[in-house]
1. I'd like to know if the stretch 116-132 contains one or more residues that are of a type outside the set (A, V, I, L, M), within 16 Å of Arg94 (Cβ to Cβ), touching a helix residue (DSSP H, G or I) at 6+ places or on another chain (Cβ under 8 Å) and more than 16 Å from the ligand (Cβ to nearest atom).
2. I'm trying to understand the selection: among the residues of the stretch 173-198, which are assigned to a strand (DSSP E or B) and either open to solvent by 30 Å² or more (accessible area, probe 1.4 Å) or of a type in the set (Val, Ile, Thr) (or both)?
3. When Pro208 is evaluated against the numbered criteria (1) away from the ligand (no atom under 16 Å from the Cβ); (2) in a helix (DSSP H, G or I), which criterion, by number, is the only one it fails?
4. Please verify whether Leu162 is over 30 Å from Leu46 (Cβ atoms) and either surrounded by 13 or more Cβ atoms within 10 Å (Cβ to Cβ) or free of Cβ contacts under 8 Å to residues at least 12 places away in the same chain (or both), treating the condition exactly as stated.
5. Could you grab the pairs with beta carbons closer than 6 Å, sequence gap of 6+ or different chains, first residue in the stretch 40-55 and within 17 Å of Pro173 (Cβ to Cβ), second one assigned to a helix (DSSP H, G or I)?
6. Exactly one of these conditions fails for Ala140: (1) more than 16 Å from the ligand (Cβ to nearest atom); (2) under 20 Å from Ile9 (Cα atoms); (3) not aromatic (Phe, Trp, Tyr). Give me its number.
7. Restricting attention to the stretch 1-16, which residues are within 21 Å of Ala218 (Cα to Cα) and within 12 Å of the ligand (Cβ to nearest atom)?
Amino acid sequence: MTTPAHVAIIMDGNGRWAKARGLPRVAGHKAGVEALRHTVRAAAELGISWLTVYAFSSENWSRPKSEVADLMGLLRIFIRRDLADLHKSGVRVRIIGDRTSLQPDIRGLLEEAEVLTAGNTSLTLVIAFNYGGRDEIARAAQQLAEAVKRGEIASEDITPELFAEHLDTAGIPDPDLVIRTSGEIRLSNFLPWQSAYSELIFQPCYWPDFTREHLAEALREYTGRERRFGGLAACDVAL
Ligand code: FPP
């Protein structure tokens, strides 16, 4: 298999990274932002076209208020400090997740990032922020139910393809590869619809320790796998 066009990453382990060093959790998230910066660069250099990262889940609101505020603050800093560099490097930014409950200044920054970089053609960085897969699917179902109620479509017209057009990821190809760091082996509500046929790779390192070499190693493992999408392996087709 060739290089995956779309890699999605669950950046897990910031808290444990900080704890192992006797540091506050926010230090782990700050180091996580640094890891994100070099991963965006590495992904572009390694020929990846789409990189989706899980930066804040809709379940993360249940964390202590101070940690939620820290994560919101880090997003503000990331967009303010890095947007110009991302734009200069030709990176297009897309945001997925429910923006309605975010503070107005954050909504403004997210929109600014998307508008400024909309015409860029290098890597597309998709930031999942206030994102939860089940929430995304429920919102898509609500939109379609409204369209049926208005008589714009019939319920029989709803196919997986039409449904996908109402997800936050409309227009974004499904991830070929999903990576999760920190040794946890689950997807935790990250892209449940889109990852139906994704290859999954779980790496033991904590997110702040993630390097270009970890990404390259995941790509090598991906290349050695065979994806069948419910069909047969190429070598079995003729049998
Ligand atoms: C999981 O680690 C990580 C998160 C909940 C947030 C990920 C955020 C970043 C990498 C930085 C923010 C980036 C942007 C663009 C705002 P955890 O806290 O669950 O770690 P633990 O499982 O070890 O406690």
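1. yes
2. First pass over the stretch 173-198, keeping only residues assigned to a strand (DSSP E or B): 177-180.
Selection gives Val178, Ile179.
3. (1)
4. Details: over 30 Å from Leu46 (Cβ atoms): yes; either surrounded by 13 or more Cβ atoms within 10 Å (Cβ to Cβ) or free of Cβ contacts under 8 Å to residues at least 12 places away in the same chain (or both): yes.
Yes; evaluated as a whole, the condition is true for this residue.
5. The qualifying pairs are Leu51/Ala43.
6. (2)
7. Selection gives Ile9, Ile10, Met11, Asp12, Gly13, Asn14.
The values are calculated or read from the model by the stated rules, or taken from the named source; none is laboratory data. Quantities reported herein were computed from a predicted structural model and do not represent experimental measurements. No Cβ is skipped: glycine too gets one built from the backbone with ideal geometry, and neighbour counts run over all protein chains shown. Keep in mind that these areas ignore ligands, DNA and RNA; they rest on the heavy atoms of the full protein, side chains included. Shrake-Rupley method; radii C 1.70, N 1.55, O 1.52, S 1.80 Å.
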